[in-house]
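Novice: Could you have a look at this structure, given as structure tokens, before my questions?
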Amino acid sequence: MKKYSLIALIGLVVFSLVACQKYLDVQSNYGLAIPKSLDDLQKLLDDSKIMNLKYPSFGEASADTYFLKQSTYDALIDYGQNTYLWQNYTKNYPNDWASAYNTVYNSNLVLDRIKKIEKTDGNTAQWNAVYASAMFYRASQYLALIWTYSKAYSEENKTDMGIVLRNSSDFNAVSHRSSITECYDRIIADFRECGDLLPEKVSHVMRPNKYAAYGMLARTYLSMHQYDSALYYADLVLKYNPELLDFNNPMDVKVSAAYPFSMFNKETIFYTELLASSNLDNTRALTDTLLYRSYHDNDLRKSAYFKVWDDGTTAFKGSYTGSAKYFSGIASDELYLIRAECNVRTGRVEQGLEDLNHLLGYRYKTGTFDDYDVKGQREALELILNERRKELLYRGLRWMDIKRLNVEEQYIVIQRNVNGQLFSLKPNANAYALPLPEDIVRLAGIPQNPK
């Protein structure tokens, strides 16, 4: 039997899937067995169910933002329990990896088909937008996948196994895992090309524009510890959209509501959601106790982000989806925190604190927030990293943050208490590269991550 990639096999069912039309006034027509026009290809990319709503969530489910009660853990099926303990080897299709590569397949199909469509004076703008959008979706999934299934980028790790770079829709292409460096090089090159070709404005935030590409570059470079570059791209995005939600303004945030934030709010630059996870269901996942206690009583995020249960535990309700689903897209609050962190790391402490204070001024009750005024780089960085954790919950960022910070010897240890036994994940352990599902390893013929 040939070593066909499971990724490619999943592509066989793409044309049988029903398009999600909830958020865009477009229709993906899978009756078109061979898409031939730019409009056809755009409809494939507008299938938001595949392209926007299934970003990897196993990393977030493996992080330290939440805990499960013993009764909740006992009720989970095996893959949920194994994910909680960083041992998820048996999760077969559907899973993070397969869903991400379904998006990659659609993207590659568009990239392969568009080569057969001549670029003319009359269609250049649309041709570029379709081509760059497909590349953007593919690179976004590659970034989420390498954050989940590979070690953090570092000089020591950069030749270790990364992910599979599928660069065509050919089912017969054999899969292999590229190095971490090769993966990041591909991701950066693709996002840079997207930034050159994508339009500045699009009809909906579920379609990427050039600032979405810049935001993804800021994320990418931050995870690689390349702070000058992350700062540069974060700054470009904030010049485009500096707006922040005012938590004191009920037109922006209904703090006491079951879901305080509206979908597609003014901070949103590009909209995606994490793939649903049994562990992260907000009726099960309880906020880390010390994390919840770190919010000041005048910090409106404490009410906007959390529901307090009768036993005093808390669950997260503050997603930018306006529902129990988890937002994973690009928003301006994240870019302020990236710019703040990178300014401090590159010696611009005053500028970094200016961004942090500006953000928090919109989060605290009016007149109650006193600007941070510290001089030391280390203290300023600690403040920003703490606020990053408190601001960006359940966005698919924490897992990579732990990994990148531990490379810098932050020594973050994650612990789980199950049946009275304490499970610990030590910094830079092999388990930070989550195990690939067994069916992927078996059918694609690619190596498993080391235990």
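Novice: Check which residues have an amide H placed less than 5 Å from Ile269's amide H, if you skip close sequence neighbours.
Specialist: So Ile269 has HN proximity to Ile330, Ala331, Ser332.
Novice: In which sequence would Met251, Met206 go, from the one with the fewest C-beta neighbours within 10 Å to the one with the most?
Specialist: Exposure proxy ranking, most exposed first: Met251, Met206.
Novice: Same structure, new question: To make sure I understand, if each residue's beta carbon is the centre and we count other beta carbons within 10 Å, what order do Ile34, Ile446, Ile384 fall in, fewest to most?
Specialist: Lowest count first: Ile34, Ile446, Ile384.
Novice: Got the relative contact order for the stretch 178-233 handy, in percent, Cα pairs under 8 Å and 6 or more residues apart?
Specialist: About 28 percent, as a whole number.
Novice: For each of Tyr101, Tyr271, count neighbouring Cβ atoms within 10 Å of the residue's Cβ, then give the residues from fewest to most.
Specialist: Taking fewest neighbouring Cβ atoms as first place, the list is Tyr271, Tyr101.
Novice: List the relative contact order of the stretch 85-192 as a percent without decimals, with contacts defined as Cα pairs under 8 Å and 6+ residues apart.
Specialist: Relative contact order of the stretch 85-192: 27 percent.
Novice: Taking the structure as given and computing Cα extents along the principal axes in Å, which label from (1) 77, 57, 48; (2) 60, 53, 42; (3) 84, 52, 41 fits?
Specialist: Of the listed options (1) 77, 57, 48; (2) 60, 53, 42; (3) 84, 52, 41, (2) comes from this structure.
Novice: Next question. Long-range amide H contacts for Thr321: which residues qualify at under 5 Å (H placed 1.01 Å from N, peptide plane, sequence gap of 5 or more or a different chain)?
Specialist: Phe327
Novice: Quick one: which of 132-139, 391-398 comes out on top by average Cβ neighbours within 10 Å, and what's the full order, highest first?
Specialist: 132-139, 391-398
Novice: Further, regarding this structure: Relative contact order of the stretch 199-307, please, whole-number percent, based on alpha carbon pairs below 8 angstrom and at least 6 residues apart.
Specialist: 25
Novice: Hey, another quick one. Tell me the mean residue ellipticity at 222 nm calculated for the chain from its helices only (DSSP H runs of n ≥ 4, each -39500 (n - 2.57), averaged over every residue, nearest 500).
Specialist: Helix contribution divided over all residues of the chain: -13000 deg cm²/dmol.
Laboratory data are not the source of any read-out in this text; all were calculated from the coordinates shown. None of the values given here were measured: they were computed from a predicted structure. Note that each Cβ is placed from the backbone with ideal geometry, even for glycine, and that neighbours are counted across all protein chains shown.
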